[in-house]
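Notes to accompany the following structure.
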Amino acid sequence: DQQVKQNSPSLSVQEGRISILNCDYTNSMFDYFLWYKKYPAEGPTFLISISSIKDKNEDGRFTVFLNKSAKHLSLHIVPSQPGDSAVYFCAANGGKLTFGTGTRLTIIP
Amino acid sequence: DAGVIQSPRHEVTEMGQEVTLRCKPISGHNSLFWYRQTMMRGLELLIYFNNNVPIDDSGMPEDRFSAKMPNASFSTLKIQPSEPRDSAVYFCASSLGGTQPQHFGDGTRLSIL
């Protein structure tokens, strides 16, 4: 029973364009959401988070949007850069973190 | 500042052997987490500690797995006896607790032959 789902295993985006990564969840008790970025042979690195009382949080090129009624969150990266190529995990906090299965983002130069 | 340090980075051993994975959390962090990543199940939480006390071990797959945190700067995850299906990447993470983000080590890639 996957409570956090990332339905796109991979995504390719042209450099300079916007990358949009999506995440859906089923548990309405989740109150905090995070995005992590992972390079090969390294651990996940925290990127950005959002509380359930907000619908948007922005940090530089990264913006996370939360739609509680749809139980959906998305990460926007603009403009996309080659160094953004990585696997992105969304995670939801309901006392402990539950991770999605990840989306591999490839930025095409 | 040093991040979360895990050792060894790679471990290859034969089925039936005991395996011990080690983790040094970030100094000052009071929560420590052990995760396992596999292709089939993704990143799943095995156990977490708060102030060196195990809080939730519901993710530990079976009695062959055990974890300890004897002090604030060290934790171990032990598998005895190991089986081929235990092959995975094991991550340790630490945080300041609450909604503070978890910081991950670079993982131990475990292969059981």
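Does segment A:11-34 include one or more residues that are under 18 Å from A:L105 (Cα atoms), free of Cβ contacts under 8 Å to residues at least 12 places away in the same chain and in a strand (DSSP E or B)? Spell out the reasoning first.
Taking segment A:11-34 and keeping what is under 18 Å from A:L105 (Cα atoms), we get A:11-24, A:34.
Of the ones still in play, those that are also free of Cβ contacts under 8 Å to residues at least 12 places away in the same chain are none.
There is no residue in segment A:11-34 that is under 18 Å from A:L105 (Cα atoms), free of Cβ contacts under 8 Å to residues at least 12 places away in the same chain and in a strand (DSSP E or B).
For segment B:2-16, which residues satisfy the criterion of being outside any strand (DSSP E or B) and among the β-branched types (V, I, T)?
Step one: of segment B:2-16, the residues outside any strand (DSSP E or B) are B:2-4, B:8-9, B:14-16.
Residue satisfying the conditions is B:V4 alone.
Hydrophobic (A, V, I, L, M, F, W, C), under 26 Å from B:F49 (Cβ atoms) and at pLDDT 95 or above, is that true of A:F65? Break it down stepwise before answering.
Details: hydrophobic (A, V, I, L, M, F, W, C): yes; under 26 Å from B:F49 (Cβ atoms): no; at pLDDT 95 or above: yes.
When the stated conditions are applied, A:F65 does not pass them.
Give me the residue from segment B:100-113 that is under 18 Å from B:E18 (Cβ atoms) and crowded, with 21+ Cβ neighbours inside 10 Å and, out of that set, nearest to the chain's Cα centre (by Cα). Show your work before the answer.
Going residue by residue through segment B:100-113, those that are under 18 Å from B:E18 (Cβ atoms) are B:108-113.
Applying the additional criterion that residues be crowded, with 21+ Cβ neighbours inside 10 Å yields B:108, B:110.
On the way: B:T108: 9, B:L110: 11 Å.
Per the stated criteria, the residue is B:T108.
Answer with yes or no whether A:G43 is buried (at least 18 other Cβ atoms within 10 Å of the Cβ), facing chain B (nearest Cβ under 10 Å), in contact with a strand residue (DSSP E or B) (Cβ under 6 Å, 6 or more places away or on another chain) and without any contact (Cβ under 8 Å) to a residue 40 or more places away in the chain. Show your work before the answer.
On the way: buried (at least 18 other Cβ atoms within 10 Å of the Cβ): yes; facing chain B (nearest Cβ under 10 Å): yes; in contact with a strand residue (DSSP E or B) (Cβ under 6 Å, 6 or more places away or on another chain): yes; without any contact (Cβ under 8 Å) to a residue 40 or more places away in the chain: yes.
For A:G43, the condition - buried (at least 18 other Cβ atoms within 10 Å of the Cβ), facing chain B (nearest Cβ under 10 Å), in contact with a strand residue (DSSP E or B) (Cβ under 6 Å, 6 or more places away or on another chain) and without any contact (Cβ under 8 Å) to a residue 40 or more places away in the chain - is met.
Can you find, within segment B:71-99, the residue that is nearest to the other protein chains (Cβ to nearest Cβ) among those that are without any contact (Cβ under 8 Å) to a residue 60 or more places away in the chain and within 14 Å of the chain's Cα centre (by Cα)?
As a first pass, look at segment B:71-99 and keep what is without any contact (Cβ under 8 Å) to a residue 60 or more places away in the chain: B:71-77, B:85, B:87-89, B:98-99.
Of the ones still in play, those that are also within 14 Å of the chain's Cα centre (by Cα) are B:73-77, B:87-89.
Numbers: B:S73: 18, B:F74: 18, B:S75: 15, B:T76: 18, B:L77: 15, B:S87: 16, B:A88: 14, B:V89: 9 Å.
Across segment B:71-99, the extreme among qualifying residues is B:V89.
For segment A:1-39: of the residues being over 15 Å from A:T101 (Cα atoms) and within 11 Å of another protein chain (Cβ to nearest Cβ), which is modelled with the lowest pLDDT?
A:D31
Need the failing condition index for B:G28 against (1) outside any loop (DSSP other than H, G, I, E, B); (2) on the phi > 0 side of the Ramachandran plot, just the number.
(1)
Just for segment A:91-100: of the residues that are under 11 Å from the mean Cα position of the chain (by Cα) and within 11 Å of chain B (Cβ to nearest Cβ), which one is farthest from B:P101 (Cα to Cα)? Lay out the reasoning, then the answer.
Keep residues of segment A:91-100 that are under 11 Å from the mean Cα position of the chain (by Cα), which gives A:91-92, A:99-100.
Filter once more, so that each one left must be within 11 Å of chain B (Cβ to nearest Cβ): A:91, A:99-100.
Details: A:A91: 10, A:F99: 13, A:G100: 16 Å.
Only one residue fits best here, namely A:G100.
Residue pairs, Cβ under 6 Å, 6 or more apart or interchain, first in segment A:60-79 and over 13 Å from A:A91 (Cα atoms) and loosely packed, with under 15 Cβ neighbours inside 10 Å, second among the small types (G, A, S) and at pLDDT 95 or above. List them.
So the pair list comes out as A:P79/A:G16.
The values are calculated or read from the model by the stated rules, or taken from the named source; none is laboratory data. Not measured: the values here are computed from a predicted model. Heads up, the Cβs are rebuilt from the backbone with ideal geometry, glycines too, and the neighbour counts pull from every protein chain shown.
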